[in-house]
Amino acid sequence: MSGGYVAQQLINGLILGSMYALVAIGFSMIYGIIRLINFAHGDVVMIGAFVTLGLAQVVGVPFPLVAVAALATGAAMGIIIERGAFRPMRGAPQVTGFIASLAVSIMLQNLGILILTGQPRNFAFPDYLQKVIRVGAVSFRVIDLCIMLSALVLMCGLIFLVQKTRLGMAMRATAENLDVARLMGININRTIMATFALGSCLAGISGLMWGGKFGQIDPLLGFVPGLKSFVAAVIGGVGSIPGAILGGYILGLSEVLFVGLLPPIYSAYRDAFVFSTLILILLLMPNGLLGKRMEERA
Amino acid sequence: MGRQRNKLMFPAFIVLGVVFVLVARHTLNDYILSIINFVGIYIILAVSLNITNGFTGLFSLGHPGFMAIGGYVTAILTFPAGRKSMLLPDMPAWLAGIETPFFPALLIGGVCASITALFVGVPVLRLRGHYLAVATMGFLIIVQVLIINMESLTRGPLGLNGLPLFTNLWWVFPWVVVTLYVSWKIKFSSYGRSMLAVRENEMAAQCLGVNLFRTRIVSFAIGAFFAGVAGGLWAHLVSAITPGSFSLILAFNIVVMVVVGGSGSISGSFIAGILFTMLTEVFRPLEESLDMYGLGEVLMALVLIVILIFRPGGLFGSREPGFLIHNEK
């Protein structure tokens, strides 16, 4: 096993990790603010991917604009899901919201099958993005580089927004204590909506990245990134944005290394590995790596 | 008066059921009979998940995992020894020689599922609420991956096919009765009361001397037992078993039945089990004729969201219809 091979695997892990991280951020933000595990989040990834595909290959919109459109679609989907399903249920037990999000997820997947058929579609990027770059023994495509860099830019932007702006302050206050935040004059509904919009726009753009990375999309594609990113969010500590980013990279790297470095018979156990890690982390350190301690409910 | 009427209710239900089974088996065609069998299996699944999910409030998505365990164990045990050597040449010799009748195989399947539930439950049941849901979902996926990879026992993703067609209404109906009876007895015993207490308020229950951990794990294991049996019945009804059948979608469907019926209500799960299985069967030809696959799932999900918004307690809440309950006086 040469150093080059390991370096290549590390790069692959980082690419996968950036995508997990982007989706995990949304999970974490939404959980942080209304204590809801939103399983429909993965399907926003799917919708982002299909909107990009439609705009880029059917309408012929130039590429950078498509990326903006993917962000906007994600945000719009987030707002629609929140208004349609979760706002009417606010105040219900946590599990109610969780079941509802599963229902929304199944609905979106099957609407996708209904409208677009279950047939996988090819997802091709313009040639200048497909070009392969070689650095020593490591090779990657321009699109992979774009994925990693734009993920970093988006994460920095998000952290800035949450830490330095009025909206971000409102979000943090609401996450800390919804009722007190309301008493302080924060418009709770608008803040929650903004959280959904922000989290989901990152999911929308990672749909674009997912398509670019794997070259094929279908209406059920959101399921796997949704689940894995949730695991990533738990590893980092649900509710914490830096935690979600860290968790995403850890999961991406360890998944790729698990498959790449161990003998091939183990690679079929990849998902079992991911979910055993999840259960272990839930049991041993329920607050994750960077999560704040949640008080035990009496 | 009330008490006597209730004592008669259960035998009346059994007699009615037996008459129904007799009539159905002589008048209806195989297709409709198989749907009725499915309805029965879904009733077992919903009522048993209701013990775990409804009584004790353990939100488990792992039910299909236990079904898969029970189903595979039953299938391997009943599989004719002659065909075993052909389909599964790598199976350990002691297993390959075994060929048991259906009933002990079902029991062993259920017990295996139950034992797994004990082992999984000890660590996992420390989690609460949706963390538990996620962990049991992880369990479901791990079971699937293991089944896919244990090719010498399960033939991996291909699954086992050509299983003997043992399951018919004479098998399903008694199991429905047993499931209903056991869960009814649990609900109206002191054990069931402590389960409901754990669901409502853990701390208060603990203060009253309820052993939280034991209550949780027992309700988890009982639910798993019936799920395992249902898995065995299922496998020998469709005569095949593949890891793909025991998906998260199935878990979701069973949860929908429990929630729509009202978590904690046995009659609710029973009725919701019937309604939803019938609905899916109605939707299937509709989807095919309209060429709109997925319509059924979309509508199911919509119904669920609407019920969660407007009637979060489900159809029955935790109650049972008045004419079935013991009169207190």
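The helices (runs of 4 or more DSSP H) found wholly in region A:73-187 and carrying at least 3 residues that are within 14 Å of chain B (Cβ to nearest Cβ) occupy A:94-116.
So for region A:222-230 (the condition being in a helix (DSSP H, G or I), over 21 Å from residue A:41 (Cβ atoms) and within 14 Å of chain B (Cβ to nearest Cβ)), does at least one residue qualify?
So in region A:222-230, the residues in a helix (DSSP H, G or I) come out as A:223-230.
Checking the rest, the ones that are also over 21 Å from residue A:41 (Cβ atoms) come to none.
There is no residue in region A:222-230 that is in a helix (DSSP H, G or I), over 21 Å from residue A:41 (Cβ atoms) and within 14 Å of chain B (Cβ to nearest Cβ).
Could you please let me know if residue B:218 is in a helix (DSSP H, G or I) and within 21 Å of residue B:115 (Cα to Cα)?
Numbers: in a helix (DSSP H, G or I): yes; within 21 Å of residue B:115 (Cα to Cα): yes.
Yes, satisfied.
Pick from region B:154-176 the residues that are assigned to a helix (DSSP H, G or I) and buried (at least 17 other Cβ atoms within 10 Å of the Cβ): which of them is nearest to the other protein chains (Cβ to nearest Cβ)? By that ranking, first place goes to B:154.
Only one entry in A:94, A:57 is surrounded by fewer than 22 Cβ atoms within 10 Å (Cβ to Cβ), farther than 30 Å from residue A:262 by Cβ, in contact (Cβ under 8 Å) with a residue 40 or more places away in the chain and touching a His at 6+ places or on another chain (Cβ under 8 Å), namely A:94.
Condition test on residue B:193, is it of a type in the set (Lys, Arg) and within 12 Å of chain A (Cβ to nearest Cβ)?
Details: of a type in the set (Lys, Arg): yes; within 12 Å of chain A (Cβ to nearest Cβ): no.
No; evaluated as a whole, the condition is false for this residue.
Conditions (1) closer than 18 Å to residue B:163 by Cβ; (2) assigned to a loop (DSSP other than H, G, I, E, B); (3) over 15 Å from the mean Cα position of the chain (by Cα), marked per residue:
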residue	(1), (2), (3)
B:33	yes, no, yes
B:44	no, no, no
B:49	no, no, no
B:52	no, no, no
B:69	yes, no, no
B:82	yes, no, yes
B:85	yes, no, yes
B:91	yes, yes, yes
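Any residue that is surrounded by 24 or more Cβ atoms within 10 Å (Cβ to Cβ) and more than 9 Å from every other protein chain (Cβ to nearest Cβ) - is there at least one of those in region B:275-282? Checked region B:275-282: no residue is surrounded by 24 or more Cβ atoms within 10 Å (Cβ to Cβ) and more than 9 Å from every other protein chain (Cβ to nearest Cβ).
For residue A:147, are the conditions met, namely being surrounded by 20 or more Cβ atoms within 10 Å (Cβ to Cβ), closer than 30 Å to residue B:248 by Cβ and free of Cβ contacts under 8 Å to residues at least 40 places away in the same chain? Step through it out loud before you land on a result.
Values: surrounded by 20 or more Cβ atoms within 10 Å (Cβ to Cβ): yes; closer than 30 Å to residue B:248 by Cβ: yes; free of Cβ contacts under 8 Å to residues at least 40 places away in the same chain: no.
No, not satisfied.
Conditions tested, residue by residue: (1) in the same structural domain as residue B:179 (by TED's automatic domain parsing); (2) closer than 30 Å to residue A:280 by Cβ; (3) not small (Gly, Ala, Ser).
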| position | (1), (2), (3) |
| --- | --- |
| B:82 | yes, no, no |
| B:86 | yes, no, yes |
| B:95 | yes, no, yes |
| B:111 | yes, yes, yes |
| B:116 | yes, yes, yes |
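Tell me, yes or no, whether region B:265-274 has at least one residue that is part of a helix (DSSP H, G or I) and over 20 Å from the mean Cα position of the chain (by Cα). Give the steps one after another, and end with the answer.
Start the filter on region B:265-274 by keeping residues that are part of a helix (DSSP H, G or I), which leaves B:266-274.
From the residues that got through so far, the ones that are over 20 Å from the mean Cα position of the chain (by Cα) too are none.
Among the residues of region B:265-274, not one is part of a helix (DSSP H, G or I) and over 20 Å from the mean Cα position of the chain (by Cα), which makes the answer no.
Here's the yes/no breakdown for (1) within 14 Å of residue A:20 (Cα to Cα); (2) out of contact with any helix residue (DSSP H, G or I) (no Cβ under 7 Å at 6 or more places or on another chain); (3) surrounded by 19 or more Cβ atoms within 10 Å (Cβ to Cβ):
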residue	(1), (2), (3)
A:153	no, yes, no
A:165	no, yes, no
A:170	no, no, yes
A:204	yes, no, yes
A:207	yes, no, yes
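For residue B:259, the conditions (1) in a helix (DSSP H, G or I); (2) in contact (Cβ under 8 Å) with a residue 60 or more places away in the chain are fulfilled apart from (2).
Quick one: would you say residue B:275 is under 18 Å from residue B:40 (Cα atoms), modelled with pLDDT of 85 or more and not assigned by TED's automatic domain parsing to the domain that holds residue B:142? Give the steps one after another, and end with the answer.
Details: under 18 Å from residue B:40 (Cα atoms): yes; modelled with pLDDT of 85 or more: yes; not assigned by TED's automatic domain parsing to the domain that holds residue B:142: yes.
When the stated conditions are applied, residue B:275 passes them.
Considering every residue within region A:273-293, establish whether at least one is within 13 Å of chain B (Cβ to nearest Cβ), of a type in the set (Gly, Ala, Ser), crowded, with 19+ Cβ neighbours inside 10 Å and in contact with a Ser or Thr (Cβ under 8 Å, 6 or more places away or on another chain). Quick ask: steps written out before the conclusion?
Residues of region A:273-293 that are within 13 Å of chain B (Cβ to nearest Cβ), as a first pass: A:273-288, A:291.
Subsequent filtering for residues that are of a type in the set (Gly, Ala, Ser) retains A:276, A:288, A:291.
From the residues that got through so far, the ones that are crowded, with 19+ Cβ neighbours inside 10 Å too are A:288, A:291.
Within this subset, residues satisfying the condition of being in contact with a Ser or Thr (Cβ under 8 Å, 6 or more places away or on another chain) are A:288, A:291.
Among the residues of region A:273-293, at least one is within 13 Å of chain B (Cβ to nearest Cβ), of a type in the set (Gly, Ala, Ser), crowded, with 19+ Cβ neighbours inside 10 Å and in contact with a Ser or Thr (Cβ under 8 Å, 6 or more places away or on another chain), which makes the answer yes.
Look at (1) assigned to a helix (DSSP H, G or I); (2) at pLDDT below 80; (3) of a type in the set (Phe, Trp, Tyr) and you find that residue B:293 fails only one, number (1).
The one condition from (1) at pLDDT below 85; (2) within 19 Å of residue A:275 (Cβ to Cβ) that residue B:65 does not meet is (1). In region A:254-272, the qualifying residues are those that are under 17 Å from residue A:226 (Cα atoms) and surrounded by fewer than 19 Cβ atoms within 10 Å (Cβ to Cβ), and the one that is farthest from the other protein chains (Cβ to nearest Cβ) is A:270.
Just one of B:59, B:139 is within 15 Å of the chain's Cα centre (by Cα) and either buried (at least 21 other Cβ atoms within 10 Å of the Cβ) or not in a helix (DSSP H, G or I) (or both); which is it?
Criteria check complete, one pass: B:59.
Between B:123, B:64, the distinction of being buried (at least 23 other Cβ atoms within 10 Å of the Cβ) and assigned to a helix (DSSP H, G or I) belongs to B:64 only.
Which residue is nearest to the other protein chains (Cβ to nearest Cβ), if the candidates are limited to region B:233-255 and must be buried (at least 19 other Cβ atoms within 10 Å of the Cβ) and assigned to a loop (DSSP other than H, G, I, E, B)? So the residue we want is B:246. Scanning region A:232-246 for residues that are under 13 Å from residue A:22 (Cα atoms) and within 14 Å of chain B (Cβ to nearest Cβ) returns A:232, A:233.
Remark: pairs (first residue in region B:130-144, more than 7 Å from chain A (Cβ to nearest Cβ) and over 16 Å from residue B:220 (Cα atoms); second residue assigned to a helix (DSSP H, G or I) and β-branched (Val, Ile, Thr); Cβ separation under 8 Å; 6+ apart in sequence or on different chains) = B:143/B:69.
Please work out if residue B:305 is β-branched (Val, Ile, Thr), in contact with a helix residue (DSSP H, G or I) (Cβ under 7 Å, 6 or more places away or on another chain) and facing chain A (nearest Cβ under 10 Å). Yes: the conditions hold for residue B:305. Of all residues in region A:177-205, those that are touching a residue at least 60 places away in the same chain (Cβ under 8 Å) have Cβ atoms under 7 Å from Cβ atoms of residues that are surrounded by fewer than 19 Cβ atoms within 10 Å (Cβ to Cβ) and of a type in the set (Val, Ile, Thr), 6 or more apart or on another chain, in A:178/A:188; A:193/A:79; A:196/A:79; A:197/A:79. Cβ-Cβ contacts under 6 Å between residues 6 or more apart (or on different chains), taken from a first residue in region B:308-321 that is closer than 15 Å to residue B:199 by Cβ and more than 11 Å from chain A (Cβ to nearest Cβ) to a second residue that is surrounded by 17 or more Cβ atoms within 10 Å (Cβ to Cβ) and aromatic (Phe, Trp, Tyr), are absent.
The values are calculated or read from the model by the stated rules, or taken from the named source; none is laboratory data. Note that the structure is a prediction, hence the values are computed from the model and not measured. Backbone-built Cβ (ideal geometry, glycine too); neighbour counts: all protein chains shown.
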